[in-house]
């Protein structure tokens, strides 16, 4: 059972929000230039092996009923779930102490604790719109029992739930569902929806207000955005079983209506977020941090994301979870605290027939006496009918792939090399194509082009990419010019 105390005061600290308001207007985002670039390789981390095709190559030969590798899957699952895989956790084993060692809030004996499932992006769009409309729980397929076994469930609401018809001018696509689609959340039920993402304001303030009201009426609490600055900054505090839970949600603030007074989202103020976490840990809370950040469609977190997520973990967060890249990224355990940089998509359908974008995982966390006792991964395939848990052979290949893309996290050199491999793949051609595409859009659809350009220079993920790419280009030896 989930109980909600009074919301924490904004004085506890969380992210700040700023930036100009977005303007109403339609228009889809053209395909990003970098997704059209041919695959290249460079250095110790060839992007072809570890980049866009990694899930396709390592999962394509599996089938749902392939159970020939059951023992190997079980061994791999134990290694990952209990923090014993060196490739994932820098050789550190997770500390698992009993209730008597850590203290019990309920008198003598071991506290019962609480189980929490954290899932990533959810939206009733594209192929999932009719599925969620006709039979809301059906979209979760055979993952539904896993979700329902938990004491509490958290998901990222990656859209507005509104009848509003006028979208904002923004860089990317706009997403919305009807208010009735919220029944696909309450049917599980998801008790908490994180909102610090780049789509919750896609239909402006009207759509956002209605989204808050719809979620509230369906019994879904929200965190990470609000009509006032205080609401956006406040962490969500709940009691689940014997555990006091604090949930902190933040994002990069991409394309969101934001001002010093609100409305807006909890933004990228890592020091302030760390103060929020330390205050929660002093109260003995179990702290889950959910961040919407990073570069889309690559399996490595950029260095600035690694630095930020690790800082929040060092502040005491028991689990830091990321989404927004739409593909699985690596994970690690540091001092008994889990960091999962990207869960991939959840109930969020994307058309390309690419398995790395049609594969994701959710996390089960076992909280006990204010700390992380254990965790488990639940990988699945995203089909046009909904989610399907991986078969034994598929799961083995998935876990092997996840271990490989986690391995750069073991060293600072690995993190840098992984990022440099993407910069090499992106290349001068990628940057030129992206800039020319935006300039072309400014000719044909000026407000859309302006939104795209503003997004590239104000949003951390794009600014970091362009800065580091330009720095790399400046340091490279130019190719010799051949005479005609």
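The values are calculated or read from the model by the stated rules, or taken from the named source; none is laboratory data. As the structure is a computational prediction, the values presented were derived from the model and not from experiment. When we count neighbours, we look across all protein chains shown, and the Cβ atoms used for this are built from the backbone with ideal geometry, even at glycine.
Points to keep in mind about this one:
- Considering region 230-251, and only residues there that are in contact with a helix residue (DSSP H, G or I) (Cβ under 7 Å, 6 or more places away or on another chain) and crowded, with 20+ Cβ neighbours inside 10 Å, the residue that is nearest to residue 283 (Cα to Cα) turns out to be 246.
- The residues on offer are 347, 317, 311, and the sole one that is surrounded by 24 or more Cβ atoms within 10 Å (Cβ to Cβ), touching a helix residue (DSSP H, G or I) at 6+ places or on another chain (Cβ under 6 Å), more than 30 Å from residue 176 (Cα to Cα) and at pLDDT 95 or above is 317.
- Just one residue in the set 304, 297 is assigned by TED's automatic domain parsing to the domain that holds residue 183 and on the phi > 0 side of the Ramachandran plot; that residue is 297.
- Boolean, residue 126 is surrounded by fewer than 17 Cβ atoms within 10 Å (Cβ to Cβ) and under 22 Å from the mean Cα position of the chain (by Cα): yes
- Subset tally (residues that are on the phi < 0 side of the Ramachandran plot, surrounded by fewer than 23 Cβ atoms within 10 Å (Cβ to Cβ) and at pLDDT 95 or above) for region 253-284: 7
- Hey, residue 91 more than 19 Å from the chain's Cα centre (by Cα), modelled with pLDDT under 80 and on the phi > 0 side of the Ramachandran plot or not: yes
- In region 322-343, of all residues being in a strand (DSSP E or B) and either under 19 Å from residue 397 (Cα atoms) or not assigned by TED's automatic domain parsing to the domain that holds residue 306 (or both), the one that is nearest to the chain's Cα centre (by Cα) corresponds to 343.
Conditions (1) surrounded by fewer than 21 Cβ atoms within 10 Å (Cβ to Cβ); (2) without any contact (Cβ under 8 Å) to a residue 40 or more places away in the chain; (3) in the same structural domain as residue 130 (by TED's automatic domain parsing), marked per residue:
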site	(1), (2), (3)
388	yes, no, yes
396	no, no, yes
402	no, no, yes
443	yes, yes, no
449	yes, yes, no
460	yes, no, no
464	yes, no, no
467	yes, yes, no
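- Sole residue being modelled with pLDDT of 95 or more and not in a strand (DSSP E or B), chosen from 396, 404, 388, 381: 396
- Candidate set from region 425-438 (those that are more than 22 Å from residue 323 (Cα to Cα) and in contact with a helix residue (DSSP H, G or I) (Cβ under 7 Å, 6 or more places away or on another chain)); member that is surrounded by the fewest Cβ atoms within 10 Å (Cβ to Cβ): 428
- Subset of region 366-380 that is closer than 29 Å to residue 132 by Cβ and in contact (Cβ under 8 Å) with a residue 60 or more places away in the chain - its residue that is surrounded by the most Cβ atoms within 10 Å (Cβ to Cβ): 380
- Taking the numbered list (1) in a loop (DSSP other than H, G, I, E, B); (2) farther than 17 Å from residue 118 by Cβ; (3) at pLDDT 95 or above in turn, residue 300 passes all entries but (3).
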